[in-house]
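The values are calculated or read from the model by the stated rules, or taken from the named source; none is laboratory data. Small disclaimer: the values here were computed from a predicted structure and weren't measured. So basically every Cβ, Gly included, is an ideal-geometry build from the backbone, and we count neighbours across all protein chains shown. Calculation scope for accessible area: heavy atoms of the full protein, side chains included, ligands and nucleic acids excluded. Shrake-Rupley method; radii C 1.70, N 1.55, O 1.52, S 1.80 Å.
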Amino acid sequence: MNAKTGETLLKGLAENLFLPTASLSYSNESTNEQYPLASQSDHTQALDAITQLLDKHPMLKTSLIAVGHRVVHGGESFSESVLIDDLVIDAIDKTSLMAPLHNPANLAGITTAQRAFPHLPHVAVFDTAFFQTLPKHAYMYGLPKRLYKEHSIRKYGFHGTSHYFVSHRAAKLLGKAIETCNLITAHLGNGCSISAIKNGKAIDTSLGFTPLEGLVMGTRSGDIDPSLPSYLIEHLNYTASDVTTMLNKASGLLGISGVSNDCRELEAQAACGDANAQLALDVFCYRLVKYIGSYMAITGPLDALVFTGGIGENSALIRNQVIKQLAHMGLALSESANNTIRFGKSGAINHPNSLPIFAIATNEEWVIAKDAYELAGASD
Ligand code: AMP
């Protein structure tokens, strides 16, 4: 990626890792190709394949000036992006306990890329960093304080890179300095989160100690009664690991509908009269409406509400169902803008009499590239 312009020069995606169908797709202006990877390929093998692909693009390879790495959990150690050294690797490793599915994979990516590009600076960009501005009263749970002091149990928040990008974009669209903006940003994809931003700084967010709290997501439950896991274990023969798997992989849109975690599929099935698909969409929207209302209470006078992520950027139906329920709070859509601003477009979708509502195509890669570029400059 060109860090200055955000132009994507080459894009790759490794999918179905640890499965027989592991594959790598890559595209640029002139190519769109997919390769099978060795069956059961892991992150290291996928990254090795990606670096080999770069050999086919020698001009691009020699023009690289830094490698940016998305790291899911930075704990309380990182409130901004950093150049990666042994101490940083150690800190990411120590945080793996809190993000066992993500941080070890991120570390595998870092070590593989460092081996492939030993001469380049490597930069870690943390999904949690944007939320290090949360005040204590927002990140503390109502639990014994020693759990925070001794075990770092608190709300961290995730998807920070996306919330950062769209909040800055929204400020530009408003023609205001970010430091003067009160915003609510809703990242609605397979994972979903919503953030309250006051004077440009995150003051609350829905994902918590892990990326399970908050909104209803594709396969994750979001908020539930905290007594439910012990009820399931004591009375319904679940193990702790069954509960974790159920809450993360078999709940949310998929669990309620029994049909799919994919919003497009649910919209199609609901239109054909599938009551469970409709119920899943209704629960999804209702939870979102409740969060928007509660965040309007804490941001103070709102400058804009922002939708992003695969659902937020594309689903005119979800945006409409949500905003209809918020009419009494000064929010209304322009039907034509809501139907037009989709599929990579960004812009205002509100009615002229409403507070501003934006749909903004997120670009986490650009944030990572910009931070990597700036920190690489600092390392000269
Ligand atoms: P993400 O994780 O950001 O890639 O978002 C994935 C989610 O976006 C899935 O639930 C998709 O069904 C949803 N999505 C993508 N395009 C559309 C669309 N045109 N209409 C509704 N949902 C969509």
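Observations, loosely collected:
- Antiparallel bridge percentage (DSSP; both residues within the chain; nearest 5): 65 percent
- Residue ranges 320-332, 210-222, 49-61, 352-364 sort as 210-222, 352-364, 320-332, 49-61 when ordered by packing (mean number of other C-beta atoms within 10 Å per residue, highest first).
- Ordering Pro352, Ile341, Tyr373 by the projection of their Cα atoms onto the charge dipole of the stretch 331-380, which places +1 on the Cβ of Lys and Arg and -1 on the Cβ of Asp and Glu, puts Pro352 at the extreme positive end.
- For the peptides 187-199, 63-75, 81-93, 225-237, residues were scored by their other Cβ atoms within 10 Å and the scores averaged per peptide; the highest-first order is 187-199, 63-75, 81-93, 225-237.
- Positive-end residue, the chain charge dipole about Cα centroid, Cβ charges, pick of Gly252, Leu215, Met329: Met329
- Cα Rg, Dmax (largest Cα-Cα span) when computed across the chain, Å: 21.1, 62
- Split the accessible area of the chain by element, probe 1.4 Å, and carbon with sulfur accounts for 55%.
- In this structure the stretch 178-246 gives 42 Å² per residue of accessible area when probed at 1.4 Å with all protein chains present.
- Farthest towards the positive end of the charge dipole of the chain, among the residues Ala14, Phe158, Pro144, is the Cα of Pro144, using unit charges on the Cβ of Lys, Arg, Asp and Glu.
- Charge dipole (Cα centre; +1 on Lys/Arg Cβ, -1 on Asp/Glu Cβ; no other charges) of the chain amounts to roughly 880 debye.
- Cα-based shape type of the stretch 215-319, given that a ≥ b ≥ c are square roots of the gyration tensor eigenvalues and the cut on a/c is 1.5: oblate
- Heavy atoms of Tyr141: accessible area, 1.4 Å probe, square angstrom to 10: 60 Å²
- Accessible area in the full protein assembly, largest first, 1.4 Å probe, for Lys11, Lys176: Lys11, Lys176
- For Val82, nonlocal amide neighbours, meaning residues 5 or more places apart or on other chains whose placed amide H falls under 5 Å from its own, are Ala124.
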